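Chemist: Structure in structure tokens, see below.
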Amino acid sequence: MEFKRFGEHYLVRIDRGEEVLAVLETFCQEEGITAAEVVGIGAADRVTVGLYNVEEQAYHSQTFTGEFEITNLTGSVSQKAGEVYLHFHITCSQADFTTFGGHLNECRISGTCELHLVKLQGAVGRRYDSVTGLNIYDF
């Protein structure tokens with residue numbers, strides 16, 4: 001991973017073999033980023049996505065392996081219990097041009113991943129919401 005900073009904007013390149021969420025967590029810790037929005041594109045060969053069932057309060061996940069174009073990677077950086085909390089969704093295109101997507105659990109890069117991260121001033125926390133079972137923004 002390499003990056004270049006432009007004020008509160010960062011361009012981040014995640015390299016082949018690196019896992020997106022692990023790299024971003026370390027990056028945010030090292031750069032002191034407590035709140036941000038992130039968008040990106042790239043190529044991956046292993047992606048695990050989930051779909052949240054509110055009634056069950058559980059994620060149902062599926063792992064895909066192959067060659068995929070990341071057509072959209074969108075998410076936020078916040079804090080939970082003083083630690084970096086990442087919440088991302090992804091959409092990927094397959095060789096037959098069908099797509100899949102959902103809540104991002106894992107994404108291993110096969111080529112490169114290009115991210116634009118905008119650091120926000122201050123911090124936003126998360127708290128558990130017993131109604132939905134989700135960790136929601138805590139303002």
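Residues checked against (1) under 23 Å from GLU30 (Cβ atoms); (2) in a strand (DSSP E or B); (3) modelled with pLDDT of 95 or more:
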| position | (1), (2), (3) |
| --- | --- |
| ARG46 | no, yes, yes |
| LEU73 | yes, yes, yes |
| ALA95 | no, no, yes |
| ASN105 | yes, yes, yes |
| ARG126 | yes, yes, yes |
| ILE136 | no, yes, yes |
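Chemist: If you scan segment 48-58, which residues turn out to be without any contact (Cβ under 8 Å) to a residue 40 or more places away in the chain and either part of a strand (DSSP E or B) or on the phi > 0 side of the Ramachandran plot (or both)?
Modeler: Passing the criteria: only ASN53.
Chemist: Next up: Looking at segment 68-80 only, could you name the residues that are open to solvent by 60 Å² or more (accessible area, probe 1.4 Å) and over 12 Å from the mean Cα position of the chain (by Cα)?
Modeler: Result: GLU69, THR71, LYS80.
Chemist: Would you say GLU30 is closer than 23 Å to GLY133 by Cβ, without any contact (Cβ under 8 Å) to a residue 24 or more places away in the chain and either surrounded by fewer than 14 Cβ atoms within 10 Å (Cβ to Cβ) or among the basic types (Lys, Arg) (or both)?
Modeler: Here the answer is no, as GLU30 does not meet what is asked.
Chemist: Let me ask something additional. Could you list all residues from segment 81-139 that are open to solvent by less than 60 Å² (accessible area, probe 1.4 Å) and among the aliphatic types (A, V, I, L, M)?
Modeler: VAL84, LEU86, ILE90, LEU104, ILE109, LEU115, LEU117, VAL118, VAL124, LEU134, ILE136
Chemist: Here is a further query. Given the conditions (1) open to solvent by 40 Å² or more (accessible area, probe 1.4 Å); (2) within 25 Å of THR71 (Cβ to Cβ); (3) touching a Lys or Arg at 6+ places or on another chain (Cβ under 6 Å); (4) touching a residue at least 60 places away in the same chain (Cβ under 8 Å), which single one is not true for GLU8?
Modeler: With (1) open to solvent by 40 Å² or more (accessible area, probe 1.4 Å); (2) within 25 Å of THR71 (Cβ to Cβ); (3) touching a Lys or Arg at 6+ places or on another chain (Cβ under 6 Å); (4) touching a residue at least 60 places away in the same chain (Cβ under 8 Å) applied to GLU8, the lone miss is (2).
Chemist: Given GLY66, GLY111, GLY82, GLY102, which one is more than 16 Å from VAL38 (Cβ to Cβ), free of Cβ contacts under 8 Å to residues at least 24 places away in the same chain and of a type in the set (Gly, Ala, Ser)?
Modeler: Just one listed residue meets the conditions, GLY82.
The values are calculated or read from the model by the stated rules, or taken from the named source; none is laboratory data. Only a predicted model underlies this, so the values are computations on that prediction, with no experimental measurement involved. Ideal geometry is used to build each Cβ from the backbone, glycine not excepted, and the neighbour counts take in all protein chains shown. Note: areas computed on protein heavy atoms with side chains; ligands, DNA, RNA excluded. Shrake-Rupley method; radii C 1.70, N 1.55, O 1.52, S 1.80 Å.
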